[in-house]
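Inspection log for the structure reproduced underneath, given as structure tokens.
The values are calculated or read from the model by the stated rules, or taken from the named source; none is laboratory data. Computed from a predicted model, the values in this text were never measured in an experiment. Note that we place each Cβ from the backbone using ideal geometry, even for glycine, and neighbour counts take in every protein chain shown.
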């Protein structure tokens, strides 16, 4: 879960 | 997206625009560390590789393109167009002492041993120390133009706002990323000394003079 939504930050 | 992260991204964008305007308007990159700008370009290139593989949002894609383009433009202005005004002898920080430890740390402490993840982790670690050559340059010259200190204030504020964003996301979405948080804390701490000088001096109209 952390993996994919981590990448939504710049 | 939350207000802290939006404010942080806008502060980051403002910093990059202030820097570009300063160099373009004064036609000089005196007082600016080209080495820090090289490190920032590496940070963006290694972090935003997913620009072509995963689409998150229009905002996300546009900001990534703007950051990469602006950092490229800054390097062009510093190392090509206004090369004569680049302060070689004061901008002498050995960036290999930053790059190598960040590579090693990214290989040791990461979430996942894949190329994209290692590059992202390296980029996070590098960004936390990328400002050191610039702070080193300011300490060597003993002062900074007020426009440069506004640039540094906006740049330092961006990651400080991200810390608030991570607190908010932990409380609201129970999402957190210890690597990003740890590096963000280190990055913000590096600015504390500068924040103190900025608030006590520059905001009172004085020039940013470091105590000799």
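Regarding residue B:173, is this residue under 27 Å from residue B:3 (Cα atoms), at pLDDT below 95 and surrounded by fewer than 19 Cβ atoms within 10 Å (Cβ to Cβ)?
Considered against the rule, which asks whether it is under 27 Å from residue B:3 (Cα atoms), at pLDDT below 95 and surrounded by fewer than 19 Cβ atoms within 10 Å (Cβ to Cβ), residue B:173 comes out as yes.
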- [ ] Go through B:153, B:182 for me and flag whichever is modelled with pLDDT of 95 or more, in a helix (DSSP H, G or I), surrounded by 14 or more Cβ atoms within 10 Å (Cβ to Cβ) and out of contact with any helix residue (DSSP H, G or I) (no Cβ under 7 Å at 6 or more places or on another chain).
- [x] B:182
Open item on the list: I need the full set of residues from the stretch B:23-33 which are surrounded by 20 or more Cβ atoms within 10 Å (Cβ to Cβ) and assigned to a helix (DSSP H, G or I), in order please.
Closed with: B:23
TODO: Please state which of the following conditions residue B:54 fails to meet, knowing it meets all the rest: (1) surrounded by 12 or more Cβ atoms within 10 Å (Cβ to Cβ); (2) more than 18 Å from the chain's Cα centre (by Cα); (3) part of a helix (DSSP H, G or I).
DONE: (3)
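From the list B:41, B:70, B:15, which one is within 24 Å of residue A:7 (Cβ to Cβ) and more than 14 Å from chain A (Cβ to nearest Cβ)?
Only one candidate passes the filter, namely B:41.
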